[in-house]
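First up is the structure itself, then whatever we jot down about it.
The values are calculated or read from the model by the stated rules, or taken from the named source; none is laboratory data. Remember, it's a predicted structure, so these values are computed and weren't measured experimentally. Heads up, the Cβs are rebuilt from the backbone with ideal geometry, glycines too, and the neighbour counts pull from every protein chain shown. What goes into the accessible areas is simple: the full protein's heavy atoms, side chains included, and nothing from ligands, DNA or RNA. Shrake-Rupley method; radii C 1.70, N 1.55, O 1.52, S 1.80 Å.
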Amino acid sequence: MRILVTGGAGFIGSHLVDRLIKENHKVIVIDNLTTGKEENINPQAEFHNLDIYDFEKIKPLFEKIDFVFHLAAISQILISIKDPVETSKVNILGTINVFKAAIEAKVKRVIFASSSSVYGNQEKLPLKENMRPNPVNPYALQKLVGEQFAKLFTKLYGIPIISLRYFNVYGPRININSDYSSVIGKFLKQKAEGKPLTIFGNGEQTRDFCYIDDVVDATIKAMKSKKLKGGEVINIGSGKSYSINYLADLIGGKRKYLAPREGDVKHTQADITLAKKLFTWQPKVSFEEGLRRVKEWFKKKIQN
């Protein structure tokens with residue numbers, strides 16, 4: 001099959017592309033390399049350096065495409081707080097462009113990468129898809145808007161668009177070189193540089209960490225599942241939750257506690273009942289094992 005992946009040079013996107021190519025699909029990648037890296041792109045993929053908010057340029061690439069995975073986004077919460085206009089242009093208008101191009105090309109299905117951040121702070125855990133969203137930063141709101149367009153376009157145009165709410169995805173190729181890196185990437189780099197691990201708040205905030213291989217499995221299952229009709233919103237997480245202090249324990253080293261960050265949620269933990277039901281998915285990699293794999297990858301990376 002011919003499959004298009006936006007954000008295919010990014011952390012999650014590049015792993016997804018690798019798996020799709022391993023399954024002998026023809027893969028087209030759209031990425032403007034703002035956060036993605038060219039070195040991540042599988043050499044067997046057809047790569048186009050384009051912005052998703054440039055509709056006329058991306059539109060021709062959707063012709064004769066069977067499935068679309070839309071992962072391109074400016075995903076850093078702090079950047080969305082500092083620049084809600086530019087991030088909205090990519091995360092909202094860009095998403096509409098991808099959906100519209102898919103509609104006009106009559107693709108079979110679109111998988112949209114949403115985020116657990118749409119939940120915001122909730123009174124109860126685990127987080128279930130039928131809870132009322134409570135975005136606490138522009139990025140979360142932008143993803144929620146994308147979900148609403150997915151539901152609307154499914155009904156309006158008859159194209160099945162499924163939204164997957166990814167929780168904290170981690171694994172090899174995780175970003176370690178940005179001020180907005182994920183906490184795991186940042187901790188690994190800080191320890192390698194002999195610096196204390198910087199923790200915002202008291203470190204008792206918790207996150208649902210899900211290993212990249214499990215996330216890719218779920219994403220591809222969502223493409224193939226015959227139970228999905230379009231418009232669904234589905235959690236993709238481990239179903240377990242770990243504190244930032246526990247993560248720091250596993251990585252080791254001194255710590256430095258800073259003031260809590262604006263726009264951060266306190267706790268996340270996915271209820272993955274729906275994913276199990278709709279495409280018989282079950283995460284397989286434990287947090288401790290996944291972190292061990294990331295440490296091995298990071299060790300090789302800094303040695304090269």
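All of Lys100, Lys57 fail the test of being of a type outside the set (Ser, Thr, Tyr) and without any contact (Cβ under 8 Å) to a residue 40 or more places away in the chain, apart from Lys57. Across region 92-109, the qualifying residues are those that are among the charged types (D, E, K, R) and buried (at least 18 other Cβ atoms within 10 Å of the Cβ), and the one among them that is nearest to the chain's Cα centre (by Cα) is Arg109. When you look at Ala102, is it touching a strand residue (DSSP E or B) at 6+ places or on another chain (Cβ under 6 Å) and assigned to a helix (DSSP H, G or I), yes or no? Criteria met by Ala102.
Restricting attention to region 123-163 and to residues that are open to solvent by 80 Å² or more (accessible area, probe 1.4 Å) and under 19 Å from the mean Cα position of the chain (by Cα), the residue that is nearest to Thr268 (Cα to Cα) turns out to be Lys128. Pull up region 69-89, narrow it to residues that are within 15 Å of the chain's Cα centre (by Cα) and not in a loop (DSSP other than H, G, I, E, B), then point me to the one that is farthest from Phe112 (Cα to Cα). The residue in question is Ile77. Which of (1) buried (at least 20 other Cβ atoms within 10 Å of the Cβ); (2) in contact with a helix residue (DSSP H, G or I) (Cβ under 6 Å, 6 or more places away or on another chain); (3) not β-branched (Val, Ile, Thr) is the odd one out, the single condition Gly231 does not satisfy? So Gly231 meets the others, but not (1). Here the condition is being within 24 Å of Gln76 (Cβ to Cβ) and of a type in the set (Gly, Ala, Ser); of Gly231, Gly239, Gly252, Gly263, it holds for Gly263 alone. Checking each residue in region 123-154 for being in a loop (DSSP other than H, G, I, E, B) and in contact with a strand residue (DSSP E or B) (Cβ under 8 Å, 6 or more places away or on another chain) picks out Leu125, Pro126, Lys128, Glu129.
Check region 172-192 and report whether any residue there is in contact with a strand residue (DSSP E or B) (Cβ under 8 Å, 6 or more places away or on another chain), among the aliphatic types (A, V, I, L, M), open to solvent by 20 Å² or more (accessible area, probe 1.4 Å) and under 24 Å from Leu258 (Cα atoms). So far as region 172-192 goes, yes, one or more of its residues are in contact with a strand residue (DSSP E or B) (Cβ under 8 Å, 6 or more places away or on another chain), among the aliphatic types (A, V, I, L, M), open to solvent by 20 Å² or more (accessible area, probe 1.4 Å) and under 24 Å from Leu258 (Cα atoms). Restricting attention to region 261-301, which residues are modelled with pLDDT under 95, of a type outside the set (A, V, I, L, M, F, W, C) and surrounded by 15 or more Cβ atoms within 10 Å (Cβ to Cβ)? Of everything in region 261-301, those that are modelled with pLDDT under 95, of a type outside the set (A, V, I, L, M, F, W, C) and surrounded by 15 or more Cβ atoms within 10 Å (Cβ to Cβ) turn out to be Gly263, Asp264. Restricting Leu33, Leu50 to those that are assigned to a loop (DSSP other than H, G, I, E, B) and without any contact (Cβ under 8 Å) to a residue 24 or more places away in the chain reduces the list to Leu50.
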